[in-house]
1. Hey, among 283, 350, 307, which residue is of a type in the set (Val, Ile, Thr) and either open to solvent by 50 Å² or more (accessible area, probe 1.4 Å) or in a helix (DSSP H, G or I) (or both)?
2. On the basis of being surrounded by fewer than 20 Cβ atoms within 10 Å (Cβ to Cβ) and assigned by the TED database to the domain that holds residue 308, does residue 226 make the cut?
3. Could you grab me the full set of residues in the range 253-280 that are in a loop (DSSP other than H, G, I, E, B) and surrounded by 22 or more Cβ atoms within 10 Å (Cβ to Cβ)?
4. Answer yes or no: is there a residue in the range 69-84 that is farther than 30 Å from residue 331 by Cβ and either surrounded by fewer than 19 Cβ atoms within 10 Å (Cβ to Cβ) or at pLDDT 90 or above (or both).
5. Provide a single number: the residues in the range 165-187 that are open to solvent by 60 Å² or more (accessible area, probe 1.4 Å) and part of a helix (DSSP H, G or I).
6. Quick check on the range 108-160: of everything there that is open to solvent by less than 20 Å² (accessible area, probe 1.4 Å) and of a type in the set (Gly, Ala, Ser), which residue is nearest to residue 172 (Cα to Cα)?
7. Would you pick out the residues in the range 169-207 that are touching a residue at least 24 places away in the same chain (Cβ under 8 Å) and touching a helix residue (DSSP H, G or I) at 6+ places or on another chain (Cβ under 9 Å)?
8. If a residue must be of a type outside the set (Ser, Thr, Tyr) and open to solvent by 40 Å² or more (accessible area, probe 1.4 Å), how many such residues does the range 188-200 contain?
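The values are calculated or read from the model by the stated rules, or taken from the named source; none is laboratory data. Quick caveat, the model's predicted, so the values are computed rather than measured. Positions of Cβ are generated from backbone atoms using ideal geometry, with glycine treated the same way; all protein chains shown enter the neighbour counts. The accessibility values were calculated without ligands, DNA or RNA, using every heavy atom of the protein model including side chains. Shrake-Rupley method; radii C 1.70, N 1.55, O 1.52, S 1.80 Å.
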Amino acid sequence: MAISLNSHLFAGNPLRSKTPKLHDPLSLSSSFESLKSHLHQNPETHPPNSPFFKVLLFKKGRPLVSSSIEEEDGVAPSWHLGWIDLADCKTILGKHGVQLTESSLVYLGSRAEEHVVYWAMDVVENGELATELSNRKQLCFVELRTLMMATDWTDSWVMGDLAIAGHGRALLEWHNQSRFCGHCGDKTVPKEAGRMKQCSNELCKKSVYPRLDPVVIMLVIDRENNRVLLGRQSRFVPSMWSCLAGFIEPGESLEEAVRREAYEETGIEVGEVVYHSSQPWPVGPNSLPCQLMVGFFAYAKSHEINVDKEELEDARWHSREDVRKALRFAEYKKAQRLAAAKVDQMIKGVKKRWSSSAGYLAKSGEFAPMFVPGPFAITHHLISAWANQDPPTGAKAQMKKPPSGFVSKL
């Protein structure tokens, strides 16, 4: 089976965050003014071409989702974001003592063809609210990482929903992390429809913008272009190997970060560094609400491995044939379908134990000697792009022209 993605998961957000015309009804400023008039129930102040508003609720970083297809005849269920109309959202939240105000909503963007503006909101832990949403609308708050595993990468609409959910979680978690000014310590208040924050201290008024944490992730290739260096951490499931990765330090270029991380973690010296692609990664810890994974091919100048045990459990060279076998073995589609079934059961209120690694097991129930993360992660596409090349004709010539799109032959 071939897996082909036009973009990485969490990329390709279909919502437009800006419009070319300032006074466009869908623009951030115009839609925010219209939102305020709707919330305060003042129809006389509604702009003449006011858009519709929909809200996506989050609870502890988990977006509200629904299931749209019943599992039958081998067709796996599909999840979608649980958008709620502004009026319904105000009514539902009001019943549980939660006031819907313009300062509690964060602007996500718009779809011009629908004349709709979308917003995100973080709600506090409320069991009664979750129960009502489940009973009335068959909705459930689900971890973003679980949704990532459950996303059918052949469904462009669901891929778009996942990108929207990742964007919303990143913004809301940033709001939670930036409640106080880092300069003077006073409280911050949201501005520009939640797309920035400002210190409330009149003598400070420092502006704060959403945080982005760039990470380099690299596939280290030997000089003969026959083997790649993969590492594993102690938290990995058995037999899983992945690319090396690390955060960029201040004053450091991307290429320098690749060389430093490879040397610090494995003792391997890297020469040439070639860019492949990048992927937003909003499923990290709450303190790092949105990482950007920047992927590279890195060419080793040395072969002897010296693993930093504080960073990695192990690191080894793997041949092209071993990597190809690992890609063929893992049943990525099966794992995705199992995750989709789990999400469907959660929405229906069914509690059942589920393993995220079940799709990587052989029929015997045991793990293969080696496998790599699935198509939801950029590391999969770095590895599969290298493994499925034609017989190499030289590392530099081969890797400076990575395949168009992201294709892995399984």
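1. After ruling out the rest, the residue left standing is 350.
2. So residue 226 passes the test.
3. Of all residues in the range 253-280, those in a loop (DSSP other than H, G, I, E, B) come to 253, 267-269.
The answer is 268, and nothing else.
4. yes
5. Total satisfying the criteria: 2.
6. Here the residue is 120.
7. The initial filter retains those residues of the range 169-207 that are touching a residue at least 24 places away in the same chain (Cβ under 8 Å), namely 169-178, 181-182, 189-190, 192-195, 206.
Hits for the range 169-207 are 169, 171, 172, 175, 189, 190, 192, 193, 194, 195.
8. Adding up the residues that qualify gives 6.
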